[in-house]
Amino acid sequence: MNKNLLREHIKKFVAKSRSDAKEFESDWRERSELVSLYQSFTREKILEMTKEEVYEYISKLWAMLIWGNKHYVVDKIIAENGLDNFKSNLAELVWGEKDIAYRWDKFRKDISGLGPAMISEILCKTHPSEFMIWNRRAFVALNYLEVENLPKHDYQITGEVYKRLGVVCKEIAEELKLQGFSDTSLLAVDYFIWDELQVAENLSTIHDPKQVQVVTESKTEPIPEFIHNDIRDKLRDIGQWLGFDANVEQKVSEGSKVDTIWEATIGNMGRVIYLFEVQTKGSIDSLIINLLKSLNNPAVQGVVAVSDKEQLVKIKSQAQDVKELKDKLKYWDYEQVLSVHESLEFVNSTINTLGLVPEGF
């Protein structure tokens, strides 16, 4: 990390906080109230939450700004995970005694619908001196400070990576303390990141590989188990943002259950379905058979295989020998899925901050 660059910005931040004390006090008050709210959800209270309390807990996250209809999102999370299962996993994540790296990975593996931004925000607002918030803005800031090996995509944020990023943010907190800033929690570090380190050139070049120091992936390092579900869930998000009724793990015909579907109803004429299968491991033959079975549903108008470049070549080669499938199957590189999701997330969060449609409309 470039400490000289960091100190230069901290000086500006501290000076700004003193010159505009009222605005800063208002912001701190809001953040303090959120910390009090999340800390009030003890392990026992989390385990006893009703659906309405789960909504209260999740809807107040800043990461939820990307969603116009928060009830829809929370209902999906409960439906896909089960209320009791979600609560028990959440209680262990937030209040468990095992190392955070273990708790992080277990929660991401067992619970769908919450990404690193939401998970880290929950942790930070409950334990602001221990855990940091990881999101797109944090990536931009730490990349600007020349921190190496940053995770660009959600699936790269394992528990160990999150733990390492927390150490980096604690170094920033220590620099804030040395320059006389009163609040040195990691929630204060997040405020500093948002207020001082969002330079325009970094926001505009976030997708440029020449401008970022991202995690170097080893060919021999196993892909985290949750990458399949991560891509699956992002496909669902993309569909929802595009106006489809999107779901995961859906049965579309006898013997065929697919990872993600996008569904649209066309007047009184019926429905149209587009389905997606994410291939991270396993038999390509099984993938092809499952897709063939899905075509028995006449509403299915498009099928898409999602994988890495190498596997997509293999899938395309085998699909060419299947007459019923070769002209209908499309191919989508998972890295493109991640980029599309990130771009749409930014668009939706920006538009939703305008408050054009009231919550619950």
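Structure data summary
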{"quantity": "GluC sites (Glu not before Pro) within region 229-283, DSSP loop, no more than 15 other Cβ atoms inside 10 Å", "calculated": "E254"}
{"quantity": "Antiparallel bridge percentage (DSSP; both residues within region 227-340; nearest 5)", "calculated": "55"}
{"quantity": "Burial ordering of V167, V306, V272, fewest other beta-carbon atoms within 10 Å first", "calculated": "V167, V272, V306"}
{"quantity": "Debye-sum result for region 3-211 in log10 I(q)/I(0), which assumes one identical scatterer on each alpha carbon, at q = 0.09, 0.14, 0.16 Å⁻¹", "calculated": "-0.36, -0.88, -1.13"}
{"quantity": "Table column - 3J(HN,Hα) (Hz), region 153-167, Karplus curve with 6.51, -1.76, 1.60, x for Gly and Pro", "calculated": "10, 4, 5, 7, 8, 6, x, 5, 5, 4, 4, 5, 5, x, 5"}
{"quantity": "Order of D245, D84 under a 10 Å beta carbon neighbour criterion, fewest first", "calculated": "D84, D245"}
{"quantity": "Residue with peak Gaussian network fluctuation, the chain [Cα springs, cutoff 10 Å], from I122, I284, I157", "calculated": "I284"}
{"quantity": "Charge sum, other residues only, whose C-beta stays under 10 Å from E80's C-beta, Lys/Arg counted +1 and Asp/Glu -1", "calculated": "-1"}
{"quantity": "222 nm mean residue ellipticity, helices alone, for the chain (DSSP H n ≥ 4; -39,500 (n - 2.57); rounded to 500)", "calculated": "-17500 deg cm²/dmol"}
{"quantity": "Candidate lysines - alpha carbon under 21 Å from K98, same-chain residues fewer than 8 apart omitted", "calculated": "K45, K87, K106, K109, K125, K163, K170"}
{"quantity": "For the chain, share of DSSP beta bridges that run antiparallel, in % to the nearest 5", "calculated": "55"}
{"quantity": "Counted charge near D190, where neighbours are those whose Cβ lies closer than 12 Å (Asp, Glu -1; Lys, Arg +1)", "calculated": "-2"}
{"quantity": "All aspartates and glutamates inside 18 Å of K314 as judged from Cα atoms, apart from same-chain residues fewer than 8 positions distant", "calculated": "E277, D285, E324, D327, D333, E335"}
{"quantity": "Selected from F107, F139, F24 as most flexible by GNM, with the chain as the system and alpha-carbon contacts under 10 Å", "calculated": "F24"}
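We did not get these values from a lab; they are worked out from the coordinates using the rules stated. Quantities reported herein were computed from a predicted structural model and do not represent experimental measurements. Reconstructed Cβ throughout: ideal geometry from the backbone, glycine too, with neighbour counts over all protein chains shown.
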